[in-house]
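Notes follow the structure.
Read the figures in this text as sums done on the coordinates, not as results from a lab. Since the model is a prediction, treat every value here as computed from it, not as a measurement. When we count neighbours, we look across all protein chains shown, and the Cβ atoms used for this are built from the backbone with ideal geometry, even at glycine.
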Amino acid sequence: MIHETAIIDSGCTIGAGSRIWHFCHLISGCIVGENCNLGQNVMVASGVVLGNGVKVQNNVSIYEGVICEDDVFIGPSAVFTNVTNPRSSIIRKNQYKKTIIRKGVTIGANATILCGIEIGQFAFIGAGAVVTRNVLPYALVVGNPAHQVGWMSEFGHKLRFKPDGLAECPESGEMYLFSGGEVIKIASEK
């Protein structure tokens, strides 16, 4: 579904089942996977890749260099950058940095993601956070600059680890292990 007010330049790839809403602009050379949802006033630049099941809320511009894997959620008015030192009078298109958003990441409303970083799978970026460096998988980060305050399950619940390093997602029952400063999902005992 592509709303009649959306502008889709030739040379865009849009997967089956994706929905492109009011006043979106997809620029030639972008790739939007299957079953994505782009809310009102979303811009997707050339070279951007959105995996399957990506949801982009209203008023988000995704600039060249951003790659989102499957099932990423980008909240309203989130901001991405692609140059570390922009100047109006200096062309720096050859200095764009790649930003990788791994599978299942949630980016909260009004968060700012600086370029050249990687956000690990199923990480959760709080609303208004300013992310200036890489984020570990399953990490919960908030603030400016963003700092880690916990760990999240794949269902989006804060994990509470017991002394043995195990935590259970209260919604899914899936088990997680904290070891060596990282979190991994393990087979559930249920």
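Worth a mention:
- Label separation (ARG92 vs ILE184): 3.9 nm, computed from points 7 Å beyond Cα along the C-beta direction.
- In region 18-158, taking the dipole from charged Cβ atoms about the Cα centre, the farthest positive-side position among VAL60, GLY150, SER89 is held by SER89.
- Cβ-defined net charge surrounding THR106, 11 Å radius [Lys, Arg +1; Asp, Glu -1]: -1
- Here region 104-126 is scanned for amide nitrogen atoms under 11 Å from the site 7 Å beyond the Cα of VAL79 along Cα-to-Cβ, giving 110-114.
- Order of VAL72, VAL56 - criterion: other Cβ atoms within 10 Å of each residue's Cβ, fewest first: VAL72, VAL56
- Each of TRP21, VAL72, SER46 was placed along the dipole of the chain (beta-carbon charges, centred on the mean Cα), and the one lying farthest toward the positive end is SER46.
- Residue-span extension gain [GLN40 to HIS147] - 0.36 nm each, minus C-alpha spacing: 35.5 nm
- Inter-label distance for PHE23 and ASN110, nm, one decimal - labels placed 7 Å from Cα along Cα-to-Cβ: 1.9
- Extended-chain gain in nm, criterion 0.36 nm per residue less alpha-carbon gap, THR132 and ILE7: 41.8 nm
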